[in-house]
Amino acid sequence: MSHYDPLKIEAKWQERWEKEQPFVAKENNGQPKMFIAEMFPYPSGAGLHVGHVRNFSIVDCLARFYAQNGLNVLRPFGYDTFGLPAENYAIKTGTAPQEVTKANIANFRKQAKRLGYAIDWSREINTSDPEYYKWTQWCFLQLFKKGLAYQAENYQWWCPVDKTVLANEQVENGCCWRCGHEVEKKKMKQWFFKITAYADELLDEIDSLDWPDKIKTMQKNWIGRSEGAEIDFAIAKHPKEQLTVFTTRPDTIFGATFLVLAPEHEIISRIVSDDARDAVAAYCKAAIKKSEIERQENKEKTGVFTGAYAINPANGEPIPIWVADYVLSGYGTGAIMAVPAHDERDHEFAEQFDLPIIKVIEKPENSIDDSGCYHDEGVMVNSDRFNGQDSADVREAIVAWLEERGLGRKKVTYRMRDWLISRQRYWGCPIPIAYDKNGVAHAIPEDQLPVVLPKVTDYRPDESGRSALAKSDEFKTVIIDGEEMTRETDTLDGYACSSWYLWRYTDPRNQNAAWGKDKVNYWAPTDIYCGGDHAVAHLLYVRFWCKFFADEGYLDFREPVKRLLYNGYINAPDGKKMSKSKGNVIDPLDVIDQGYGADTLRTYELFIGPYNLDAAWSTEAIGGVYRFLNRCWTLCFDKARNSKDENTTIRHRTIKKVTEDTKRADFNTAVAAMMEYVNALYKTGAHEEDLITLAKLLKPYAPHLACEMLESLESDDVWPVYDTTKLKADTVELVVQVNGKLRSRIQLPVEEANDTTRLEQLAKSDPKVQNYIGDKEIVKTIVIAQNHLVNIVVK
RNA sequence: GGGCGAGUGGCGGAAUUGGUAUACGCGGCAGACUUAAAAUCUGCUUCCUUUACCGGAUUAUGGGUUCGAGUCCCAUCUCGCCCACCA
């Protein structure tokens with residue numbers, strides 16, 4: 001007598017899959033395709049985490065399920081390898097990131113294979129491989145050619161002692177994390193992708209996506225479209241200057257009693273009065289130095305008067321111009337018209353500095369708003385010719401009135417900014433740009449790609465705040481069209497590398513193009529994409545690039561991901577995040593090797609709870625899944641079989657449940673249904689047909705065991721189909737309620753279940769029910785044949 | 001502060017269109033097998049009352065709609081996530 005030995009079975013099948021490569025995908029126009037992928041991992045030195053296992057197992061379950069259902073499945077795998085951890089490790093130890101990455105990938109690959117995933121390993125990709133990033137650079141150049149990759153000045157943290165740019169998290173209490181010196185903000189030239197050019201389409205198409213609402217909402221908030229107007233203000237004593245503000249409430253313009261500029265606003269130095277100049281300069285300097293976090297922490301309004309006045313274009317009144325850090329330089333025009341009667345922030349500011357407050361909207365009598373600054377719609381007052389009208393109706397009329405005089409126009413503004421992609425780092429994809437003697441940026445010709453990341457020994461940024469690449473003269477100097485130029489030494493944000501990899505999967509070894517059109521349009525868009533991170537950034541960037549490359553004719557679709565599954569985290573048994581420092585990490589390979597095997601681990605992680613919620617690991621509960629698989633094995637290999645097939649009802653019900661649940665990604669209830677089925681088979685005994693069905697249903701969850709069973713049963717793995725006529729048992733249970741309370745259950749033959757008069761008669765003649773009715777008058781009787789339920793209502 | 005979501009046994013969770021609440025698993029209890037333990041198998045396990053039957057209560061709290069509410073509506077409380085001076 002043998003026993004369930006997962007490690008032995010798994011080694012056998014993994015070896016076979018390695019040899020036979022059954023998961024290699026080929027285009028096939030005779031079958032519908034299914035392109036399914038997880039968000040590719042960053043291969044850390046720590047190896048696979050139970051979180052990876054959950055993510056990959058969801059994808060694998062669906063990939064195998066659809067393959068068994070006859071779809072042509074593409075289930076690729078790759079590595080997102082550029083990034084800070086490898087670079088920091090290099091700075092610390094001197095080991096080249098290329099070497100570390102190679103070792104980490106080898107480890108990840110080995111571990112993924114121990115989990116038995118149905119991956120097409122011939123398509124494996126790695127973003128730091130020059131064969132791959134050659135095409136990341138090509139993508140950059142397409143955006144550059146169309147003006148969607150551009151340079152602009154931008155404030156960055158700068159340490160004047162270390163002479164280096166610092167990331168936000170490298171600034172501690174306004175000081176450099178290394179030397180402790182006060183940091184300042186310095187304007188530096190940076191590269192951007194013009195994602196805002198697609199803001200409207202990115203927003204409008206969100207609703208059509210089969211994505212979780214949570215993520216759709218987050219993307220909408222991130223894009224943050226708001227409709228309003230730009231209004232121009234003339235400036236007293238400065239006839240050549242003018243200030244433009246953005247507002248969503250042009251209807252309140254008669255209530256604009258002052259203007260406020262962001263401290264970064266460039267007009268300040270030109271309009272400030274002599275007696276205010278010193279105070280304004282000091283305020284601006286201090287405000288600009290503050291980090292975003294510090295600005296938000298202290299919400300008490302601060303500000304300073306510039307001594308200058310603007311003219312309100314609605315009524316010609318002069319109004320003072322102030323500077324305050326509650327106005328953000330990066331949004332709208334960096335200047336606002338303040339309407340203290342109807343905006344809370346402006347109201348607070350006006351109270352603080354004793355500025356005039358003029359009400360222009362009468363709050364309706366039934367309004368419960370008593371904040372002293374009513375910000376909803378109402379009837380216009382103090383607004384000259386617009387008095388008496390409704391504020392909502394006046395909005396457009398006022399813009400039109402301003403527009404006639406050239407003082408304003410409709411305007412749509414977005415919270416989303418353009419995507420800053422320059423990184424002063426070594427371990428990233430080099431930006432394929434060189435500068436001529438005049439500092440003009442030129443594209444590196446496509447036949448000179450890839451711009452290969454040179455091997456260096458010192459990975460730290462140099463004194464000018466540029467990446468380590470700036471130290472390599474050999475790298476920096478390049479000849480383009482006979483002219484000597486200097487290469488860009490910044491590298492690309494890692495998100496650029498992951499913005500197109502889904503398409504590379506469809507044609508990963510193409511030497512002549514990022515992807516072949518036929519292949520990409522056969523496989524993509526990705527049918528199912530699964531991840532547990534990057535709700536906004538990555539998922540918005542992929543959508544952006546998809547629209548751009550569709551416009552350029554390289555793709556025939558405008559949305560990259562049809563269905564998105566967003567899985568939750570796996571936490572430690574104590575409910576906290578797993579982390580090395582807390583010592584509560586569960587290593588998936590340990591779980592396998594201690595005897596549970598990969599099938600138990602995979603099935604457990606799918607059974608642990610709804611896939612989209614966080615779950616806490618339970619060292620006890622995984623044993624229950626092992627027992628379940630053990631019982632599957634015992635039924636198949638160690639128990640006598642029934643010669644008579646007597647489980648058709650539960651078998652067909654199980655097929656239905658597992659099929660529908662797996663499609664819906666309700667993996668936990670699918671596993672529960674298989675458990676119920678196995679429990680039933682333990683009682684009745686299993687016919688061969690039961691075992692074949694069980695093995696087929698089990699295959700997406702526990703593929704090694706299922707293959708072992710199918711081999712012994714000499715069966716294919718074609719997904720079973722349920723027969724609707726076999727879902728009903730011979731008898732049904734009639735539920736009888738009196739006044740909505742359950743009072744009796746009556747067994748009856750299934751043939752009678754649809755006969756409503758029979759059901760009513762059965763219910764009323766039941767002695768238990770009669771007890772509850774007694775002499776009381778029956779008001780009405782509700783019979784729901786579909787649910788075999790009768791409710792008798794008595795007085 | 002704003003937006004969204006969620007509150008079900010000792011625990012993770014199920015209930016798919018308003019129709020039998022607590023599936024499945026863990027844990028616990030009892031029994032079988034065993035010299036014994038583990039493993040395995042069988043049964044019980046929401047709470048209260050009861051030896052048991054019977055009965056009653058129960059899906060955060062309070063109200064409402066309905067023959068019937070975990071599910072729909074209103075209010076309150078708690079937790080989670082996202083955004084956060086975006087004019």
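Are there any pairs with C-beta distances below 6 angstrom linking a residue in the stretch A:15-38 that is more than 13 Å from A:Thr506 (Cα to Cα) and outside any loop (DSSP other than H, G, I, E, B) to a residue that is among the aromatic types (Phe, Trp, Tyr) and open to solvent by less than 70 Å² (accessible area, probe 1.4 Å), with the two at least 6 apart or on different chains, and if so which? Listed pairs, sorted by first residue: A:Glu38/A:Phe56. The listed residues are A:Leu734, A:Leu710, A:Leu697, and the only one of them that is more than 30 Å from A:Gly116 (Cα to Cα) and either open to solvent by less than 10 Å² (accessible area, probe 1.4 Å) or among the hydrophobic types (A, V, I, L, M, F, W, C) (or both) turns out to be A:Leu734. All conditions but one from (1) within 15 Å of RNA strand B (Cβ to nearest atom); (2) within 21 Å of A:Ile271 (Cα to Cα) apply to A:Phe305; the one that does not is (1). Any chance the stretch A:68-81 includes a residue that's touching a helix residue (DSSP H, G or I) at 6+ places or on another chain (Cβ under 6 Å), more than 30 Å from A:Ile421 (Cβ to Cβ), open to solvent by 10 Å² or more (accessible area, probe 1.4 Å) and touching a residue at least 40 places away in the same chain (Cβ under 8 Å)? Yes: the stretch A:68-81 contains one or more residues that are touching a helix residue (DSSP H, G or I) at 6+ places or on another chain (Cβ under 6 Å), more than 30 Å from A:Ile421 (Cβ to Cβ), open to solvent by 10 Å² or more (accessible area, probe 1.4 Å) and touching a residue at least 40 places away in the same chain (Cβ under 8 Å).
When we screen A:Thr244, A:Thr252 for residues that are of a type in the set (S, T, N, Q), open to solvent by less than 10 Å² (accessible area, probe 1.4 Å) and within 16 Å of RNA strand B (Cβ to nearest atom), the only hit is A:Thr252. When the stretch A:314-341 is filtered for residues that are more than 9 Å from RNA strand B (Cβ to nearest atom), assigned to a loop (DSSP other than H, G, I, E, B) and surrounded by 20 or more Cβ atoms within 10 Å (Cβ to Cβ), the ones remaining, listed by number, are A:Ala314, A:Pro340, A:Ala341. Of the residues screened, A:Asp574 is not one that is open to solvent by 40 Å² or more (accessible area, probe 1.4 Å), farther than 24 Å from A:Glu676 by Cβ and near RNA strand B (Cβ under 10 Å from one of its atoms). Which members of the stretch A:183-225 meet the condition of being surrounded by 14 or more Cβ atoms within 10 Å (Cβ to Cβ) and in a strand (DSSP E or B)? Hits for the stretch A:183-225 are A:Glu184, A:Lys185, A:Lys186, A:Met188, A:Gln190, A:Trp191, A:Phe192, A:Phe193, A:Arg225.
Only residues that are part of a loop (DSSP other than H, G, I, E, B), more than 7 Å from RNA strand B (Cβ to nearest atom) and more than 29 Å from the chain's Cα centre (by Cα): list them for the stretch A:596-627, please. The answer is A:Thr619, and nothing else. Consider A:Ile119 carefully, then state whether it is modelled with pLDDT of 95 or more, touching a strand residue (DSSP E or B) at 6+ places or on another chain (Cβ under 8 Å) and not aromatic (Phe, Trp, Tyr). No. Restricting the stretch A:545-565 to residues that are part of a strand (DSSP E or B) and open to solvent by 30 Å² or more (accessible area, probe 1.4 Å), which is nearest to A:Ser57 (Cα to Cα)? This residue is A:Arg563.
The set of residues from the stretch A:737-764 being under 23 Å from A:Glu646 (Cα atoms) and either among the aromatic types (Phe, Trp, Tyr) or exposed (fewer than 14 other Cβ atoms within 10 Å of the Cβ) (or both) comprises A:Gln747, A:Pro749, A:Val750, A:Glu751.
Count of the stretch A:400-432 residues, restricted to those that are β-branched (Val, Ile, Thr) and at pLDDT 95 or above, is 1. Of the residues making up the stretch A:674-694, those that are open to solvent by 10 Å² or more (accessible area, probe 1.4 Å), within 15 Å of RNA strand B (Cβ to nearest atom) and in a helix (DSSP H, G or I) number 7.
Per-residue answers, yes or no, for (1) at pLDDT below 95; (2) out of contact with any Phe, Trp or Tyr (no Cβ under 7 Å at 6 or more places or on another chain); (3) of a type in the set (Ser, Thr, Tyr):
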{"site": "A:Arg466", "(1), (2), (3)": "yes, yes, no"}
{"site": "A:Gly494", "(1), (2), (3)": "yes, no, no"}
{"site": "A:Trp500", "(1), (2), (3)": "no, no, no"}
{"site": "A:Gly516", "(1), (2), (3)": "no, yes, no"}
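Just the residues that are open to solvent by 60 Å² or more (accessible area, probe 1.4 Å) and within 13 Å of RNA strand B (Cβ to nearest atom), please, taken from the stretch A:765-787. Passing the criteria: A:Pro767, A:Lys768, A:Gln770, A:Asn771, A:Tyr772, A:Ile778, A:Val779, A:Lys780, A:Ile782, A:Ile784, A:Gln786, A:Asn787. Residues of the stretch A:716-769 that are among the aliphatic types (A, V, I, L, M), part of a strand (DSSP E or B) and under 48 Å from the mean Cα position of the chain (by Cα): A:Val732, A:Leu734, A:Val735, A:Leu742.
Go through the stretch A:463-488 residue by residue and tally those that are open to solvent by 30 Å² or more (accessible area, probe 1.4 Å) and without any contact (Cβ under 8 Å) to a residue 40 or more places away in the chain.
9
Restricting attention to the stretch A:1-24, the residues being over 36 Å from the mean Cα position of the chain (by Cα) and crowded, with 19+ Cβ neighbours inside 10 Å number 2.
The values are calculated or read from the model by the stated rules, or taken from the named source; none is laboratory data. Keep in mind that what you see is a predicted model, and the values were worked out from it rather than measured. Because the Cβ atoms are built from the backbone with ideal geometry, glycine has one as well, and the counts that use them run over all protein chains shown. Surface accessibility is based on the protein's heavy atoms, side chains included, excluding ligands, DNA and RNA. Shrake-Rupley method; radii C 1.70, N 1.55, O 1.52, S 1.80 Å.
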